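Below is one structure, written out as structure tokens; comments come after it.
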């Protein structure tokens, strides 16, 4: 109440200090400490031991499988997202908000349930189980199942990003292009694509981070066969459960590095195109 | 959707150029933009194959066994204990996030401090960090010989391998939901109202309590519900720190996996259906709160 130049909507210095102090301590404890722990544990026996753990054949196989999975799942979901956003944002039709809710659905499903549903469809006792065995096709406990489960959990990322963005941009530019005789594809690539590229990249970035890091859904369908159906997060689990902590944290450090790069790129993209929508997953 | 009487002939392209009015409600406006049929068709087809049909499998499998078996599997003592832990710990995690998320969002919008950009980026860490990595890191920190666990052990507090550990993991997972939902609302909060309150003689504390907090209520509730919904189904970050003892520290998603490993597909599907039902209820609540907030702001 000393009432000097402080603006009435500005908090007193001690309120600021208190709030900032609480926030920074909380964030430090909850968010920063785990990341620090990963790197400290990975380097516990020195850098060579950590690097050796990363170069282990099973670890390399896990890295390869994770990259392969992301390489299939992310473009698939990006293509789906663009397709869905074109239908939803550039046209008016009935049940539109219902369709958006359905596209969002995988975000509300537990990752374990996401894995389970594919076991019930493609597993040995599942709907197509007999047919798949007859034709000697493996989906569950094999790479296709891992890819499918990953597609499911990352399904909404790109669509969620593009639908509001394309709705904001309206249809005027596309209508102008079409009225000047451009084909649909031409309109998309020359008019829409330049407008949505940053939003698309943002969605792809988040989609990729989740695809490479997914654990629960993949764990259900993978079968945990070393060197064959283990992704990086699953490999971390196996090493950790074998008390090979340096190995587990070395692979975890790689994933941590991926997360940090993702956050850095995300921050850059937000500077290029300011974001006002609340992020999800 | 209200159907305004719009004769089909007038809606035809030949009737152009009609003056375009924004948000004209109708079944489907004839748009000059091509590709509607193809993109909608592909969207619905992929959505059905990847999401809807597989999801229906879990419902069909769980209801195919008869109502008595369904209830047995859905509400067995072990399942009930697992729901209690999953929902209870998710609730605690979401509450902790609600408590600390509000000052975090406030500080990020209103204050300037060194390292703000970094703090802003760090908030999203739980979205970017694979859950298994978070899980083994938290288990290590909170184990009796870990950085934090060693500090708590003399006080007799065990975190890792107890329900408390589950709460810690679910707090980690849910934080960005509360902060990122509150942030835009804090930013849009008009300072005029605060100035008016202050000029009418309200103390800063009274302004906070009577003006600011009520305005943030719906967003806070939405963020809380989203954090809760995510935490209920969370698996990767929890299992390493939970202890996974049946009836004590076993979460519902883990129970699904255990039943699956015992080839009890119907049992696993049943627990999954219960969890799905709760998730959809949460989705419904979140949409309801958001719709209510839009009407009242």
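Each value in this text was obtained by applying a stated rule to the coordinates, not by laboratory testing. Every value quoted in this text rests on a predicted model; they were computed, and no experiment measured them. Positions of Cβ are generated from backbone atoms using ideal geometry, with glycine treated the same way; all protein chains shown enter the neighbour counts.
Brief remarks follow.
Let's see how each residue does on (1) free of Cβ contacts under 8 Å to residues at least 24 places away in the same chain; (2) under 18 Å from residue B:120 (Cβ atoms):
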position	(1), (2)
B:167	no, no
B:170	no, no
B:177	no, yes
B:181	no, yes
B:185	no, yes
B:193	yes, no
B:197	yes, no
B:202	yes, no
B:207	yes, no
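- Test for residue A:39: is it more than 7 Å from chain B (Cβ to nearest Cβ) and in contact with a helix residue (DSSP H, G or I) (Cβ under 6 Å, 6 or more places away or on another chain): yes
- Residue B:226 part of a helix (DSSP H, G or I) and either over 21 Å from the mean Cα position of the chain (by Cα) or more than 27 Å from residue A:120 (Cβ to Cβ) (or both): yes
- Residue count for segment A:119-142, restricted to those that are surrounded by fewer than 17 Cβ atoms within 10 Å (Cβ to Cβ) and either more than 11 Å from chain B (Cβ to nearest Cβ) or part of a helix (DSSP H, G or I) (or both): 8
- Segment A:82-118, subset more than 7 Å from chain B (Cβ to nearest Cβ), touching a residue at least 60 places away in the same chain (Cβ under 8 Å) and under 24 Å from residue A:185 (Cα atoms), residue surrounded by the fewest Cβ atoms within 10 Å (Cβ to Cβ): A:100
- Residues satisfying the stated conditions in segment B:127-155, i.e. buried (at least 24 other Cβ atoms within 10 Å of the Cβ), part of a helix (DSSP H, G or I) and in contact (Cβ under 8 Å) with a residue 24 or more places away in the chain: B:131, B:132, B:134, B:135, B:136, B:138, B:139, B:142
- Exactly one residue out of B:260, B:281, B:213 is on the phi < 0 side of the Ramachandran plot, in a helix (DSSP H, G or I) and either touching a strand residue (DSSP E or B) at 6+ places or on another chain (Cβ under 8 Å) or surrounded by 18 or more Cβ atoms within 10 Å (Cβ to Cβ) (or both), and it is B:260.
- Residue check for residue B:73: more than 8 Å from chain A (Cβ to nearest Cβ), in contact (Cβ under 8 Å) with a residue 60 or more places away in the chain and either under 29 Å from residue A:250 (Cβ atoms) or within 19 Å of the chain's Cα centre (by Cα) (or both): no
- Any hit, segment B:243-256, residues being more than 10 Å from every other protein chain (Cβ to nearest Cβ), surrounded by 20 or more Cβ atoms within 10 Å (Cβ to Cβ), in contact with a helix residue (DSSP H, G or I) (Cβ under 6 Å, 6 or more places away or on another chain) and in a loop (DSSP other than H, G, I, E, B): yes
- Close contacts from segment A:230-248, counting a first residue that is over 16 Å from residue A:218 (Cβ atoms) and a second that is assigned to a loop (DSSP other than H, G, I, E, B), with Cβ to Cβ under 8 Å and a gap of 6+ residues or different chains, come to A:245/A:44; A:246/A:44; A:246/A:45; A:247/A:56.
- Qualifying residue in segment B:161-170 (condition: assigned to a loop (DSSP other than H, G, I, E, B) and at negative phi): yes
- If you go through segment B:71-89 and keep only what is assigned to a helix (DSSP H, G or I) and over 12 Å from residue B:249 (Cβ atoms), you end up with B:71, B:72, B:73, B:74, B:77, B:78, B:79, B:80, B:83, B:87.
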